[in-house]
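Each remark here refers to the structure printed beneath this line.
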Amino acid sequence: MRLLPGKVPIDILNEVIFKNLGVRREEVVLGPSAGFDGAVIDAGNKSLIVSMDPITGAIERIGWLAVNVNANDIATFGVEPTLFFSCILLPENADERIVETICVQMDRAARDLNMAIVGGHSEVTPGLTNPIVVGCTIGITEKGNYVTAGGASPGDKLILTKSAGIEGTAILASDREEQIKKVLDPKILQNAKEFYYQISVVRDAITAFKTGGVDAMHDPTEGGVIGGVYEMAEASKLGVKIFEEKIPVQHETAKISELFRVDPLQLISSGALLISAKPELAGKIAERLEQEGIHASIIGEFLEDPESRTIATKSGKIQTLPKPSSDHLWLALMRAIE
């Protein structure tokens, strides 16, 4: 089977990747599992939260994104990210300027998040047309003091911070600027490029976790908000119902998604955070986030029946929640504006 761009399908994860994991170690509390943002490793009286992600679909700000996207995965456990490793793969035409640009971006992003860059690797890789940066981040917490994406309970309310398609909007506005500026208002395009500044969810996640009542968190990356909701339901072995009209889509995202004929709810959404909260505390969490200047919307709830995963459309129809096969960013990058 030929694979589409983006994440490897969950069926292959389960049937191939998750069946080839070396030996079992008692220190590994949470290993590779569909829908989870990272691993949990116990070390004495501490728990290490470890996650890894590549930046492949973006060219501009690739180093900055590598730090922030990986830091987000640690934050979804309710843990502050502290250590960062990078693997920088460069195309054959790369020069010293590209290396410096990536490293300066990573340095600035790490300083903003109070993280140390502690190791990695860099090389020129034959066959590449654009740089790739693979990041690995570690957070350290007291043993057991974290949540995972699989901790949601039936009846939990589902909160979304910010809006759908944040990272996808920023990437398309930056990497397809020459196409977009011919048909879109320059102010809208400039605003969309600045969506990069919304991509961190560290403050979102730590604020929610410290407020109390959080059962699970997940950042919707590839597959967008819909993909993130599906992964969270899968990890928690629950059903879910969400409401399209409750999911914020910023004007810039809507316009760019329309130009490239993609669904903003299935567009990579780093910068947004999904929070499963005890129903009696969901309002308090949303209020606390708003006090911090972070927009929060209750977009649905988790259900006991794992076979029941639906989305209520703006037209009032109840449809099965789609299982994204490929992020709509990849569709947009392969399309010209008509």
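Can you tell me which residues in the range 115-140 are assigned to a loop (DSSP other than H, G, I, E, B) and in contact (Cβ under 8 Å) with a residue 60 or more places away in the chain? So that I can check it myself, show each step before the final result.
Step one: filter the range 115-140 for residues assigned to a loop (DSSP other than H, G, I, E, B), giving 115, 125-131.
Across the range 115-140, the qualifying residues are Asn130, Pro131.
Scanning the range 1-24 for residues that are exposed (fewer than 10 other Cβ atoms within 10 Å of the Cβ) and either closer than 23 Å to Val147 by Cα or under 19 Å from the mean Cα position of the chain (by Cα) (or both) returns a single hit, Arg24. Restricted to the range 21-111, the set of strands (runs of 3 or more DSSP E) holding at least 3 residues that are at pLDDT below 95 and not small (Gly, Ala, Ser) comprises 46-55. Restricting the range 153-210 to residues that are among the basic types (Lys, Arg) and loosely packed, with under 15 Cβ neighbours inside 10 Å, the residue that is farthest from Val249 (Cα to Cα) is Lys210.
Is it the case that Ile49 is in contact with a Pro (Cβ under 6 Å, 6 or more places away or on another chain), within 22 Å of Asp215 (Cβ to Cβ), surrounded by 22 or more Cβ atoms within 10 Å (Cβ to Cβ) and of a type outside the set (Gly, Ala, Ser)? Considered against the rule, which asks whether it is in contact with a Pro (Cβ under 6 Å, 6 or more places away or on another chain), within 22 Å of Asp215 (Cβ to Cβ), surrounded by 22 or more Cβ atoms within 10 Å (Cβ to Cβ) and of a type outside the set (Gly, Ala, Ser), Ile49 comes out as no. The residues on offer are Ala205, Ala216, and the sole one that is assigned to a helix (DSSP H, G or I) and in contact with a strand residue (DSSP E or B) (Cβ under 8 Å, 6 or more places away or on another chain) is Ala205. Of the residues in the range 141-163, at least one is within 27 Å of Leu259 (Cβ to Cβ), outside any strand (DSSP E or B) and in contact with a Gly (Cβ under 9 Å, 6 or more places away or on another chain).
Quick check on my filter: what residues within the range 120-143 are within 18 Å of Asp73 (Cβ to Cβ), out of contact with any helix residue (DSSP H, G or I) (no Cβ under 9 Å at 6 or more places or on another chain) and either surrounded by fewer than 18 Cβ atoms within 10 Å (Cβ to Cβ) or aliphatic (A, V, I, L, M) (or both)?
Of everything in the range 120-143, those that are within 18 Å of Asp73 (Cβ to Cβ), out of contact with any helix residue (DSSP H, G or I) (no Cβ under 9 Å at 6 or more places or on another chain) and either surrounded by fewer than 18 Cβ atoms within 10 Å (Cβ to Cβ) or aliphatic (A, V, I, L, M) (or both) turn out to be Gly120, Ile140.
Those strands (runs of 3 or more DSSP E) of the range 227-338 in which 3 or more residues are under 30 Å from Lys181 (Cβ atoms) are absent. Scanning the range 288-305 for residues that are over 21 Å from the mean Cα position of the chain (by Cα), under 20 Å from Ala75 (Cβ atoms) and either among the small types (Gly, Ala, Ser) or surrounded by fewer than 16 Cβ atoms within 10 Å (Cβ to Cβ) (or both) yields one hit, Gln291. Screening Ile318 against (1) exposed (fewer than 15 other Cβ atoms within 10 Å of the Cβ); (2) modelled with pLDDT under 95; (3) of a type in the set (Val, Ile, Thr) leaves a single unmet condition, (2).
Residue-wise test of (1) in contact (Cβ under 8 Å) with a residue 12 or more places away in the chain; (2) closer than 30 Å to Met334 by Cβ.
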{"position": "Met1", "(1), (2)": "no, yes"}
{"position": "Val16", "(1), (2)": "no, yes"}
{"position": "Asn20", "(1), (2)": "no, no"}
{"position": "Phe36", "(1), (2)": "yes, yes"}
{"position": "Ala43", "(1), (2)": "yes, no"}
{"position": "Thr56", "(1), (2)": "yes, yes"}
{"position": "Arg61", "(1), (2)": "yes, yes"}
{"position": "Asn70", "(1), (2)": "yes, yes"}
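The residues on offer are Ile268, Ile337, and the sole one that is more than 21 Å from the chain's Cα centre (by Cα), at pLDDT below 95 and surrounded by 14 or more Cβ atoms within 10 Å (Cβ to Cβ) is Ile337.
The values are calculated or read from the model by the stated rules, or taken from the named source; none is laboratory data. The structure presented is a predicted model; accordingly, all values stated were derived computationally and were not measured. For neighbour counting, all protein chains shown are included, and Cβ atoms are generated from backbone atoms with ideal geometry for every residue, glycine included.
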